[in-house]
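Asks: I'd like to ask some things about the structure below.
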Amino acid sequence: MEVKNNIILAMDLMDLKEAEKVCEDIKEYIDTIKIGYPLTLAEGLSTIGFFKDNFDYKVICDYKVADIPATNEKIANLTFDAGADAIICHGFVGQDSVNACKESAEDHGKDVFLLTEMSHPGAVKFLQKDADDIAKMGVEMGITNYVAPSTRLDRLSEIRDIVGKDAFIISPGVGTQGGDPKKTLEFSDGLIIGRSIYNAENPKEAVENILKDIK
């Protein structure tokens, strides 16, 4: 999956009209959007088609799927049937559960992203110690897309070493959480940026400033 200007908009506003205004402001710079549960639960799965039809965005659904295989399969199928281009799933639930998402993605001709480690401070206590094994499992399964944090560059670098130079990594935590965009792109292929853009008084200007930082 290619990402224009290496930026993915994390759209966690809960009102579709507000989200539309932000997208109008920045559409010349962004071609990929990540939506999660906040907007989906507030406005429904039809939001996927809304962003694709109105902005021609590639849509990554960040549902951090983490259940038994049968449930993961249902979630993934519903997501892809609604038009999503990719889904993010947790790796800590094990190979069988991840494989359910992977097989659904393959059946639909879409992508799955394996979440190795999250960007918030609390992830250090439990998730971080297993992140390397999660990444190794992904490699063994033939997964080529990963999520790894921009807030801990040492960890991002280690995940890159495990998954290899040809894997595609997207990184949350840039901006509000403190991740540095330019340094992140030394190891990552895409910056996941949300609040720094959609909460800005001028979202277009916010994106332009980010682009200046990474050039």
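Asks: Count the lysine pairs in region 23-141 whose Cα atoms lie under 17 Å apart, taking only pairs 8 or more positions apart in sequence or on different chains.
Replies: 15
Asks: Can you give the longest run of the chain that contains no GluC sites (Glu not before Pro) sitting in a DSSP loop with at most 12 other Cβ atoms inside 10 Å?
Replies: The reported range is 29-185.
Asks: Please sort by residue number the chymotrypsin sites (Phe, Trp or Tyr not before Pro) in region 4-79 whose DSSP state is loop and whose Cβ has at most 15 other Cβ atoms within 10 Å.
Replies: Passing sites in region 4-79 do not exist.
Asks: Could you please state how large a percent of the accessible area of the chain is carbon and sulfur, counting protein chains only and using a 1.4 Å probe?
Replies: Carbon and sulfur: 47 percent of the exposed surface of the chain.
Asks: Now for a different question. Run through region 108-151 and list the trypsin sites (Lys or Arg not before Pro) located in a DSSP loop whose Cβ has at most 16 other Cβ atoms within 10 Å.
Replies: Counting only loop positions with at most 16 other Cβ atoms within 10 Å, the trypsin sites (Lys or Arg not before Pro) in region 108-151 are Lys125.
Asks: What relative contact order, as a whole-number percentage, does region 149-189 give when Cα pairs under 8 Å and 6 or more residues apart are counted?
Replies: 51 percent
Asks: Just the number please: accessible area per residue for the chain, 1.4 Å probe, all protein chains included, in Å².
Replies: On the way: 9820 Å² over 215 residues.
Result: 46 Å² per residue.
Asks: Assuming R0 = 25 Å, what is the FRET efficiency of Thr176 and Glu28, from their Cβ-Cβ distance, to the nearest 0.05?
Replies: Computed FRET efficiency for Thr176 and Glu28 comes out at 0.60.
Asks: Below 8 Å between Cα atoms, with a sequence gap of 6+, how large is the relative contact order for region 13-67 in percent?
Replies: 42 percent
Asks: Can you list the cysteines of the chain that have no other Cys Cβ under 4.7 Å away?
Replies: That list is Cys23, Cys61.
Asks: Taking each pair of different alpha-carbon atoms in region 30-189 once, compute 1/r for the pair, average those values, and report the inverse of that mean as the Kirkwood hydrodynamic radius in Å to one decimal.
Replies: 15.8 Å
The values are calculated or read from the model by the stated rules, or taken from the named source; none is laboratory data. Nothing here was measured: the structure is a model prediction, and the numbers come from that model. Ideal geometry is used to build each Cβ from the backbone, glycine not excepted, and the neighbour counts take in all protein chains shown. Surface accessibility is based on the protein's heavy atoms, side chains included, excluding ligands, DNA and RNA. Shrake-Rupley method; radii C 1.70, N 1.55, O 1.52, S 1.80 Å.
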